[in-house]
Amino acid sequence: MKVLHLVSRYRWTGCAEPAVNLCRFLRKAGADSRLCCVRGGSLESQARQLGAQLADAAPLGRNYTPWGILGAARSLASYVASEQIDILHAHTSHDHWLAALSRTLFAGREVPLVRTHHETRRIRAGIVWRRIFNRHTAMNVTVSAASRQYFETRGAIRPDRIRTIYGGLDFSRFGTSSPAPDVRGTWGVPGDARILAHLSHIGPDRKQEAILEAFSLLAEEFPRAWLVFLGQGNKSTVRLLREKIRSRSFRDRVVFSRDFADRGIPWLDQVVAVDQVVVLAVGSEGSSRGIMEAMALGKGVVGARVGVIPELIEEGKTGWLVDPDHPPSLAGALREALGDSEKAMRMGSAGAALIRTRFRCERQAQETLDLYREILSSRDPSARPAGSR
């Protein structure tokens, strides 16, 4: 089976890593899985280093001139025909509509189109997109049941055209440094401190102010507790957050990991260095890989009741679930985590067992491959593409 993945991105952010991992693990599962992305960026570089098979199927840069659009659509159709591609798999809105246009205007034979919706924040539900979702797309894949419900509730996608396949981690590359770097020393945090880490890109929609308010309710009660904003962020949001912290009595116990980016400390080593992880929003890749990574490392996680997070955390067993807009609720969960380290460790161990068992790239690839086979087998045999098997 030949599968062509389309990712109209050039940076190693958002859906880039999940899409590349899916492409790689489908290949390990026996599919001829290829990746077409915007060339010249960090996405291409990382995909090449990871061993993904790259394909010059079409220029996916966002050239919205009529000749640019038609040229890209024609190139895609030509590649699909010449390489006898069985399945097209889109990962962003741009390559989704481009693939639909290519199939409509230039395709000599019908090749099923699959779309993974990595996020719902920019969902389009107009008549054109409903037609693409339901008429031109064989199946729309969501990475959470919450996303699936969102699409169905909005009336964007028919229930029979949507399937949920959870994301996963690549445990073959999942490891920490040996010997472990002195992360706490680098951050200037005492060795006996209890670190709460707000794990997220720092942006206006990631609830940094909520964790700041919750920490303010705990700072005096737990004088050895520190707060670390673990992640990068846009300059304006970081500046506003720093201004709010300056007036706080606990300002000397707040750290931004981004201030030490030049030290080159691997991401997983930073997660290992903290005691408790807090995630109050779902990122642009939808599957909340940050929570999965923290849980896989045995960290207790306090997560918001939004998106995929309640599908990863079982309340009271593998972590805590809170209202992200209610700092007292968040403070209550953090108080329990800080006050009962044994319980936090038990939850961390249970969470690690869950993620390492159920949320692996191998499982995701197998479920996706099964979906491809289901789609191909349901079609009229006379319309099946050459090379499918």
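What follows draws every value from the coordinates through simple rules; no lab data is involved. Predicted model only: the values in this text are computed from it and were never measured. Every residue, glycine among them, receives a Cβ derived from its backbone with ideal geometry; neighbour counts consider all protein chains shown.
A few notes on this one:
- Taking the C-alpha atoms only, the angle from helix 93-105 to the longest principal axis of the chain is near 10 degrees.
- The distance linking the stretch 53-103 with the stretch 297-376 is 36 Å (Cα centroid to Cα centroid, whole angstrom).
- Axis angle, to the nearest 10 degrees, between helix 16-28 and the longest C-alpha principal axis of the chain: 60 degrees.
- Cut-off 10 Å between beta-carbons: net charge of the residues surrounding G348, Lys and Arg +1, Asp and Glu -1: +2
- Neighbour-limited loop hits for trypsin sites (Lys or Arg not before Pro), the stretch 185-234 (at most 14 other Cβ within 10 Å; DSSP other than H, G, I, E, B): R224
- Residue with peak Gaussian network fluctuation, the chain [Cα springs, cutoff 10 Å], from R360, R263, R74: R263
- Spatially proximal lysines relative to K343 (Cα-Cα < 26 Å; intrachain offsets below 8 disregarded): K207, K299, K317
- Label separation (E209 vs A353): 4.1 nm, computed from points 7 Å beyond Cα along the C-beta direction.
- Using the average count of surrounding beta-carbon atoms within 10 Å as a protection proxy, the listed peptides 291-302, 9-20, 127-138 rank, highest first, as 291-302, 9-20, 127-138.
- Cut-off 13 Å between beta-carbons: net charge of the residues surrounding E314, Lys and Arg +1, Asp and Glu -1: +2
- Relative to its Kirkwood radius, the Cα radius of gyration of the chain gives an Rg/Rh of 1.01.
- 0 to 90° range, to nearest 10: angle between helix 145-154 axis and the chain longest Cα axis: 60
- Cα gyration tensor shape of the stretch 183-358, rounded if a/c is under 1.5, else prolate or oblate by comparing a/b with b/c: rounded
- Expected 222 nm ellipticity per residue - DSSP helices of 4 or more, -39500 (n - 2.57), all of the chain, to 500: -12000 deg cm²/dmol
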